[in-house]
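Before any comments, here is the structure.
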Amino acid sequence: MAKVLIPTPLRQFTGKLDSVTVSGATVGEVLNGLTSQHPELRRQIFTDEGKLRSFVNVYLNDEDIRYLGKDATPTADGDTVSLVPSIAGGSAVAAPPEEVTLSKDEILRYSRHLIIPEVGIEGQKKLKAAKVLLVGTGGLGAPLGLYLAAAGIGKIGLVDFDVVDFTNLQRQVIHSTKDVGRNKIDSAAEKMQGINPHLEIVRHEVALTSENALEILKDYDLVVDGTDNFPTRYLVNDACVLLGKPNVYGSIFRFEGQSTVFAYEGGPCYRCLYPEPPPPGLVPSCAEGGVLGILPGTIGLIQATETVKLILGIGEPLVGRLLLYDALGMRFRELKLRKNPECPICGEHRTITKLIDYHQFCGVPQPNAQAPAQESKVSEGEIDVKEVKAMLDRGDSFVLIDVREPHEYQICNIPAAKLIPLGQVAQRLNELDKSADIVIHCKSGIRSAKACGILRGAGFERVRNMKGGILAWADHVDPSVPKY
Ligand code: ZN
């Protein structure tokens, strides 16, 4: 019997179980047993041809079994099989130039560093000479920015074009309540400069794109990835590999985090770990799935620790090892990461030699900052929130369905709506009348669009998606409805 650990994003297919015990003589048999117990997992783990999907890695105990193959890897009683999906986280710096010196103020400020033999004056000068690019000033970027500034990194570049929102304050501790509505880069730079006036901050107030990434990254010694979406993760990875810069990676989801160092002196890169992104929608973002506010602090500080170690050239860098953190179990696990000889960007036969279109690669639409969703017109198959309100007021005969989760329904709801969480829609079609007019809503309109697709696929013809979800309802119909 082997125990299969189910990661959070896949637990929706196992009835919330976090581990399943299955018998089987090989990893392949164990996974087949798992997917016969939980059939919905099958298409998440396997391709139609029965091969392992490349955005899910499988480990037997702490060994990556990908190169041996699932069917050639025997299992023994008591073995642990881990499914690890991708989750929407020597000195890198040469000796400091001679002109880098520490002033009397700086010697006092960094005295607790200077008396550690592994840092000392020489190490503090390395930190002062270092140039670090921080991509994102959100959850991971907040602790990173504060501590890297305090530690005495000489130059920190910040990449962000977002604005501080109320929902950020639960975890993005670099921003204050009074900063809501301000540009994150200004808010972050002010706090960091307040901690350390010796710090030079370079502002890159843009979205990192294939067009500007190499130009922005090239002036830095190393890059810290604090992004929250797959297109930017692949972009940061590829740019780091092409430029030969270490990429200090961290990612978070609900109660779990991952961290490692990619593209460092022959070590693996993000594409070695995950050659392709998960299909859009499989792995929810923090905005969709939630995140424990403290979690990015833990993971961001692991990234900050690795950054400082790489600059100082001390300790054992987190290269070729994926650190997994489970806040609920309060456990760290470490998995070995190997460089994939067939990796399209860092392997022996490279097929990617320049940056590509990452939104297309990840199958997600290009964000369009110019056109707010609420203002765009209602398209075919959609209905405006005000029209839904008018239908309710007139007493029109129609069924309103809310496909969010019960804990979201408790936060706010439209009383007339029937709650059928998206994951149950396919099983509960018998509760719905094909001849009725049906309007479906969720939080923002994405899940309800999927639900509309399921109903239409099952022969329901009079189905419409409430555009913008309950957030649009709060904006345009009932301002007393709380937004979340
Ligand atoms: Zn690679």
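The values are calculated or read from the model by the stated rules, or taken from the named source; none is laboratory data. Quantities reported herein were computed from a predicted structural model and do not represent experimental measurements. Positions of Cβ are generated from backbone atoms using ideal geometry, with glycine treated the same way; all protein chains shown enter the neighbour counts. For accessibility, only protein heavy atoms count, side chains too; no ligands or nucleic acids. Shrake-Rupley method; radii C 1.70, N 1.55, O 1.52, S 1.80 Å.
General remarks:
- Each eigenvalue of the Cα gyration tensor of the range 294-347, multiplied by 5 and square-rooted, gives one semi-axis; in descending order these are 23, 17, 10 Å.
- Cα gyration tensor, the range 1-41 - rounded (a/c under 1.5), prolate or oblate: prolate
- Rounded percent of accessible protein surface that carbon and sulfur make up, the range 143-297, 1.4 Å probe: 54 percent
- Note that the range 2-85, at 20 °C in a medium of 1.002 mPa s, gets a Stokes-Einstein diffusion coefficient of 173 µm²/s from its Kirkwood radius over C-alpha pairs.
- Between the C-alpha center of the range 1-43 and that of the range 106-134 there is a gap of 48 Å.
- Spherically averaged projected area of the convex hull of Cα atoms, the range 236-317: 6.1 nm².
- Per-selection Rg to Rh, the range 230-277 - Cα, Kirkwood hydrodynamic radius: 0.97
- A 1.4 Å probe run over the chain, with the rest of the protein chains in place, finds 46 Å² accessible per residue.
- Segment LYS354-GLU288, length gained on full extension (0.36 nm per residue, minus Cα span): 20.6 nm
- Projecting the Cα positions of LEU34, VAL100, LEU455 onto the charge dipole of the chain (unit charges on Cβ atoms of Lys, Arg, Asp and Glu, taken about the Cα centre) puts LEU34 furthest along the positive direction.
- For the range 144-207, the set of chymotrypsin sites (Phe, Trp or Tyr not before Pro) satisfying both a DSSP loop assignment and a count of at most 15 other C-beta atoms within 10 Å is given as PHE161.
- Inter-centroid distance (Cα atoms) of the range 44-87 relative to the range 173-226, Å: 38 Å
- Accessible surface of SER397, taken over heavy atoms with a 1.4 Å probe and every protein chain present, rounds to 100 Å².
- Based on alpha carbons, the Rg and Dmax found for the range 376-465 are 12.2, 34 Å.
- Cα-derived Rg to Rh of the range 104-362, Kirkwood definition: 0.95
- Extent of the range 317-462 along its three principal axes (Cα atoms, max minus min coordinate, largest first): 65, 40, 31 Å.
- Where trypsin sites (Lys or Arg not before Pro) fall in DSSP loop in the range 1-51, at most 15 other Cβ within 10 Å: LYS16, LYS51
- Here the translational diffusion coefficient of the chain follows from Stokes-Einstein with Rh set to the Kirkwood radius across Cα pairs; for 4 °C and 1.567 mPa s it amounts to 53 µm²/s.
- For the range 1-102, with all protein chains in place and a probe radius of 1.4 Å, 50% of the accessible heavy-atom surface sits on carbon or sulfur.
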